[in-house]
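The values are calculated or read from the model by the stated rules, or taken from the named source; none is laboratory data. All of these numbers come straight from a predicted model, not from anything done at the bench. Here the Cβ is made from the backbone with ideal geometry for all residues, glycine too, and neighbour counts use every protein chain on show. What goes into the accessible areas is simple: the full protein's heavy atoms, side chains included, and nothing from ligands, DNA or RNA. Shrake-Rupley method; radii C 1.70, N 1.55, O 1.52, S 1.80 Å.
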Amino acid sequence: MDRTSRVVSAEELERQRAFAARVRDHYALRGRMPLAWTQTFGCQQNEADTELIRGMLAEMGFGFCEDVDEADIVLINTCAIREHAEDRVYGNVGELSHAKKKNPALITVLCGCMAQQKHVAERIRSSYPYVDIVFGTHALPRFPQLLFECISRKKRVFDLEGDERGYILEGVEPVRQKGRRAWLSIMYGCNNFCSYCVVPYVRGRERSRTPEAILAEFKSLVAQGYKDITLLGQNVNSYGSDLGGACDFPTLLEMIDEVPGEFWVRFMTSHPKDASTRLFDVMARSERICSSIHLPVQAGSDRVLHEMNRRYTAEKHLSLVDYARSVMPDITMTSDIIVGFPGETDEDFQKTIDLLERVRFDSLFTFIFSPRRGTKAWDMPDPMSRENKQRNFDRLLAVQNRISREKNDEYVGRRVRVLVGEEENEKSYNNEYTKQSRTEGFKLVYLRGAEGLEGRFVDAIIERSSTWALFGAVADGESR
Ligand code: SAM
Ligand code: SF4
């Protein structure tokens, strides 16, 4: 693939800036700053896309509000990964009709993965007449133009156009959420075509940003005070495969680890087929790359993994886990599991349980299979009843909850480094452990004695544990 052609050209960026200026002028006539309300469904990649869109909105003169009723523009960035996610979006889009009745000048926008699908755009066109702009993932760089067309011609705008090879957008400053955590996209799209997954269809082919662009953004995040930075990609382990051998993911991690400053770096997602022992060696050697990995296994049965087109076996996953633990004994591990993939039997499912008991993940993201139109699994025979799937799912949760609890119990009495957050805890024991913090392994720790330490790395002594969190006190000697 010719990577350079994937970067949005300087000319196109200028064109969009000109549209942004015209939108700004349009709203300036009203004599007050226009406000935008945004909502994001789905994964961190979507969060990062919304931050880019917010960056474009800021360039168009918009401020941001928390209340739909105050907004001049409402934008919902959607997720297509499961039917449940789409149903929630339709519910929220339905709600927009009230906002539009109250304020007919309101501009309503639906974008992202769900909007990239033709059948969704058609449904919005025919059944949700109060949605003004619909654009898919490929049209994101054209958002200023679409907004200008909508407000100047007072007509609905639909844009699902775009090359499935996708684009790389540089030169737009994202407006990030406040706090110490930041997302940094290092690549976009996916080439893997897991048979259940819609991502390659709605986000296009894999393409990597250059290490120079990533490092520049990373340094800027550190300078702005972000201390917990997550590198994003659907399969970070194949980062750079389109860069002609210039840089791979472990090398990128090494470069990032050399950036001066006080920070932690994490990354997601790692596909087991592409994770290498070199990745774990680099993590083990590094100063600031967290000993923590999200390594989705999806299933424990090789037959099911094959049908899923995952291209690894349970044994290969286990060997990665063993190697990671041999070089980082304290590494925290999380994973994704799909229950009830078409044709999965109770015997297959038992292999997933066996794998969980063997690996003992710190926590899991668990899903019941949801058929996605256009994917290979959409047409696969699926004889297991919904009740049976739900039963297996409940069993999986019970097993994992026990393991999570046991793993958290092992922390009691230990001294751990944490990054103190700004948020207060509503569920603390006797209102004692009030401050949220995170360990290097992203375990949630509620702290006592942490007032005034927001945004700082401190040591804490863990005093209690539950299935979902740890509770601790700031260690002696940690000054304010
Ligand atoms: N790229 C990542 C990977 O390979 O693991 C994650 C992509 S996806 C946003 C996150 C998770 O959603 C997947 O790991 C999978 O467990 C789940 N998922 C994807 N498609 C699904 C489907 N059709 N039904 C149920 N779960 C699904
Ligand atoms: Fe979907 Fe598989 Fe790509 Fe992950 S690697 S985004 S699960 S197709």
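Do we find that R303 is of a type in the set (K, R), touching an Asp or Glu at 6+ places or on another chain (Cβ under 8 Å) and closer than 24 Å to C190 by Cα in this structure?
Judged against the criteria, R303 is a match.
Can you confirm whether segment 388-403 contains a residue that is open to solvent by 10 Å² or more (accessible area, probe 1.4 Å), modelled with pLDDT under 95 and under 27 Å from the mean Cα position of the chain (by Cα)?
There is no residue in segment 388-403 that is open to solvent by 10 Å² or more (accessible area, probe 1.4 Å), modelled with pLDDT under 95 and under 27 Å from the mean Cα position of the chain (by Cα).
Name the single residue that is nearest to V199 (Cα to Cα) among those in segment 357-410 being touching a residue at least 40 places away in the same chain (Cβ under 8 Å) and of a type in the set (V, I, T).
T375
Could you please find all residues in segment 152-188 being within 16 Å of ligand 2 (Cβ to nearest atom), open to solvent by less than 30 Å² (accessible area, probe 1.4 Å) and farther than 25 Å from Y226 by Cβ?
Within segment 152-188, G166 is the sole residue that qualifies.
From the list V74, V89, pick out the single residue that is at pLDDT 95 or above and either buried (at least 18 other Cβ atoms within 10 Å of the Cβ) or not charged (D, E, K, R) (or both).
Of V74, V89, the one residue that is at pLDDT 95 or above and either buried (at least 18 other Cβ atoms within 10 Å of the Cβ) or not charged (D, E, K, R) (or both) is V74.
From R266, R310, which residue is within 16 Å of ligand 2 (Cβ to nearest atom), of a type in the set (D, E, K, R), at pLDDT 95 or above and not in a helix (DSSP H, G or I)?
Step by step, each of R266, R310 is checked, and only R310 is within 16 Å of ligand 2 (Cβ to nearest atom), of a type in the set (D, E, K, R), at pLDDT 95 or above and not in a helix (DSSP H, G or I).
When you go through (1) more than 16 Å from ligand 2 (Cβ to nearest atom); (2) open to solvent by less than 30 Å² (accessible area, probe 1.4 Å); (3) not aromatic (F, W, Y) one by one for S195, which number turns out not to apply?
Going through the list (1) more than 16 Å from ligand 2 (Cβ to nearest atom); (2) open to solvent by less than 30 Å² (accessible area, probe 1.4 Å); (3) not aromatic (F, W, Y), S195 breaks only (1).
Being open to solvent by less than 40 Å² (accessible area, probe 1.4 Å), away from ligand 1 (no atom under 16 Å from the Cβ) and over 23 Å from the mean Cα position of the chain (by Cα) is true for just one of S286, S291, S301. Which residue is that?
S286
Say whether the condition of being open to solvent by less than 80 Å² (accessible area, probe 1.4 Å) and part of a helix (DSSP H, G or I) is met by at least one residue in segment 409-419. Let's see the steps before the verdict.
Within segment 409-419, the first condition is being open to solvent by less than 80 Å² (accessible area, probe 1.4 Å), and the residues that meet it are 409, 411-413, 416, 418-419.
When the remaining residues are screened for being part of a helix (DSSP H, G or I), the result is 409.
The answer is yes; a qualifying residue exists.
Just the residues that are outside any loop (DSSP other than H, G, I, E, B) and open to solvent by less than 10 Å² (accessible area, probe 1.4 Å), please, taken from segment 356-367.
Hits for segment 356-367 are L356, V359.
Among what's in segment 198-214 and is part of a helix (DSSP H, G or I) and away from ligand 1 (no atom under 14 Å from the Cβ), pick the residue that is surrounded by the fewest Cβ atoms within 10 Å (Cβ to Cβ).
E212
Yes or no, residue by residue, for (1) of a type in the set (F, W, Y); (2) in a strand (DSSP E or B); (3) within 16 Å of ligand 2 (Cβ to nearest atom); (4) within 27 Å of Y411 (Cα to Cα):
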position: H306; (1), (2), (3), (4): no, no, yes, no
position: S326; (1), (2), (3), (4): no, no, no, yes
position: T334; (1), (2), (3), (4): no, yes, yes, yes
position: P342; (1), (2), (3), (4): no, no, yes, no
position: E347; (1), (2), (3), (4): no, no, no, no
position: D382; (1), (2), (3), (4): no, no, no, no
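Checking R373 against (1) within 14 Å of ligand 1 (Cβ to nearest atom); (2) open to solvent by 50 Å² or more (accessible area, probe 1.4 Å); (3) out of contact with any His (no Cβ under 8 Å at 6 or more places or on another chain), which single condition isn't satisfied?
Every listed condition holds for R373 apart from (3).
Considering segment 5-43 alone, what residues qualify as being within 16 Å of ligand 1 (Cβ to nearest atom) and either among the small types (G, A, S) or free of Cβ contacts under 8 Å to residues at least 12 places away in the same chain (or both)?
If the condition is that a residue be within 16 Å of ligand 1 (Cβ to nearest atom) and either among the small types (G, A, S) or free of Cβ contacts under 8 Å to residues at least 12 places away in the same chain (or both), then G42 is the only one that fits.
Residues that are within 16 Å of ligand 1 (Cβ to nearest atom) and surrounded by 19 or more Cβ atoms within 10 Å (Cβ to Cβ): does segment 215-229 have at least one?
no
Under 6 Å between Cβ atoms, which residue pairs at least 6 apart in sequence (or on different chains) link something in segment 452-466 that is modelled with pLDDT of 95 or more with a partner that is among the polar types (S, T, N, Q)?
S465/N408
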